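Since the structure comes first, as structure tokens, the remarks are kept for the end.
What follows draws every value from the coordinates through simple rules; no lab data is involved. Nothing here was measured: the structure is a model prediction, and the numbers come from that model. Note that we place each Cβ from the backbone using ideal geometry, even for glycine, and neighbour counts take in every protein chain shown.
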Amino acid sequence: MLGVALAQTIQAQNYTTTASGAWATASNWSNTSGWGGTTPSTTGGHTSGTATVNHNMTVTGNYSLASATLLINAGKSVLVTGNLTLGGGGTINVYGTLEINGDLTLNSYLYIYPGGQVIVHGNVIVNSDNYLNIGTSTAPPPYADLIVYQNLVSNSSGDITVNRNGRVAVFGNITATGGGTVFTINNGGQVYVHGNVNFTGNGSSIVNNNTTSPYGLYVNGTVTNSGGGSTTTANRGNKTTMQNTNPGFYGWVQNIPASPLPIELIYFKGELQAGQAVLTWATASEKNFYKFVIEYALNGQTFEPVGEVVGSGVDSYELKTYTYHTAATASKNYYRLKSIDQDGSFEYSPIVLISRAVEMHLEIYPNPAVDYITIQINFDPGSMDHIQVVSQTGLVVATADVNSNKITIQLDQPQAGVYLVHYKGSLDKTARLVIKGN
């Protein structure tokens, strides 16, 4: 009798859904093997066989899959309201949708196939081996998608592979500890990391087999490697690179619900009309979006806000165009857009340059001065441009090289009187300066 009982416990426990609804409802399942309970265990008791999902199912609370297989077929979904833990020897094959409101912990293999999607609102933790695989080697579409709203964590060589038709968006950070982790992005695979990449394990590495632009790997934050031999591929870009060189992938990330990318900017351009800069731009979509801030710089580096335009105020997935007029007083005028989301996150557009022919001039203030002066010019200085402040007796009291459109010169306890300010280089001009006593 003991031998018979033992033989029964090692039989495969195969289940197939018969209706959509709660996972724990017996009438939603057919036990095709005759062994085990009326529904697949969610507490680690499903140790062999397969749970085949042909309907939309909801697991309330945590789901612990032991060494059995979970198969989610195309067009069908499993929602786990808590955490999902895959035990050693188990397998999850996703052709439909797997959504997890908590964390996903992998101690065995998860495969996301073309047309499949895994959405994790918490963290993804990969332990010990190449347990996370997104996509296949065939050309898209369809795509295999992984969306992680928090962090992707690799422990002790928990490897990740993104194949040709795989797309991955991580809105938190990617970290690897314990050594030997390999994050591989094969040719055609695409990955966006909104946070930082931090690899601290000995020999851990990110390998990107996309060798030409668009590279398919984009990190918005910082990349840090520590520990012997830990590396991250140089074949990568940032969020701006993704937007400019891979707009299709950028659009996919931007259209994910609660995406940190506030808008999909189609273009930003400007032209000179009647002495004014006319800036125009368009968006393909706006979600949770607040406003645009128009920023201006004389030198193309130090930008200051000059105006604002409020967005549409509602989530939009259609073309919207904007126009803004502002003064263009310098020979070279640099503009950019700061797009701000409702939660305060923001991004910058590419810089637009509007040039115009103007008479070069300089402005000195305050005048009269006490212990400093600011000099502003309306042109880009040359490499030899410099300024001298000279007393009426010919004594040079201050000098400065001009390397920007606005500089401040400190005056070291000068005597009260009338001084001359000589600008030499691109413009030869002398201006009168009055210095008051301290």
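Within the listed set L362, L70, L261, the residue fluctuating most in the Gaussian network model of the chain (springs between alpha-carbon atoms under 10 angstrom) is L362. Full extension of the chain between K269 and S27 gives 81.1 nm of extra length, using 0.36 nm per residue less the Cα-Cα distance. Let me know the shape class of segment 61-197, please: from the alpha-carbon gyration tensor, a ≥ b ≥ c as square roots of the eigenvalues, rounded when a/c is under 1.5, otherwise prolate if a/b is greater than b/c, or oblate. Rounded is the answer for segment 61-197, as its axis ratio a/c remains below 1.5. Note on segment 225-282: Cα convex hull, mean projected area over all directions, 6.9 nm².
Taking segment 362-435 as the region of interest, what is the percent of Cα-Cα pairs per 10 angstrom bin, listed from the shortest bin to the one with the maximum distance? Binned Cα distances yield the sequence 20, 59, 20, 1.
Note on D129/A327: beta-carbon distance plugged into 1/(1 + (r/R0)^6) with R0 of 56 Å gives a FRET efficiency of 0.35.
Taken about its Cα centre, the chain carries a charge dipole of roughly 340 debye when the Cβ of each Lys and Arg holds +1 and the Cβ of each Asp and Glu holds -1.
Shown here is the pair-distance distribution of segment 2-254: with all Cα-Cα distances grouped in 5 Å bins from zero up to the longest one, the shares run 1, 7, 13, 18, 18, 14, 11, 8, 5, 3, 1, 0, 0, 0 percent.
Only alpha carbons enter this Debye calculation for segment 267-337, each as an equal point scatterer, and the log10 of I(q)/I(0) it gives at q = 0.13, 0.14, 0.20 Å⁻¹ is -0.40, -0.46, -0.84. Across segment 294-309, rounded Karplus estimates of 3J(HN,Hα) from the backbone phi angles (6.51 cos²θ - 1.76 cosθ + 1.60, θ = phi - 60°) give 8, 10, 10, 9, 6, 9, x, 10, 9, 9, 9, x, 10, x, 9, 9 Hz, Gly and Pro being marked x. With a Förster radius of 45 Å applied to the beta-carbon distance between V434 and V310, the computed FRET efficiency rounds to 0.50. Among the listed options [x] 22.5; [y] 29.6; [z] 21.0, the one matching mean projected area of the Cα convex hull in nm² as calculated from these coordinates is [y]. Let me know the longest stretch in the chain that avoids all GluC sites (Glu not before Pro) found in a DSSP loop with at most 11 other C-beta atoms within 10 Å. Of all site-free stretches, the longest is 1-317. With Cα atoms defining each centre, segment 186-220 and segment 9-77 are spaced 35 Å apart in the structure.
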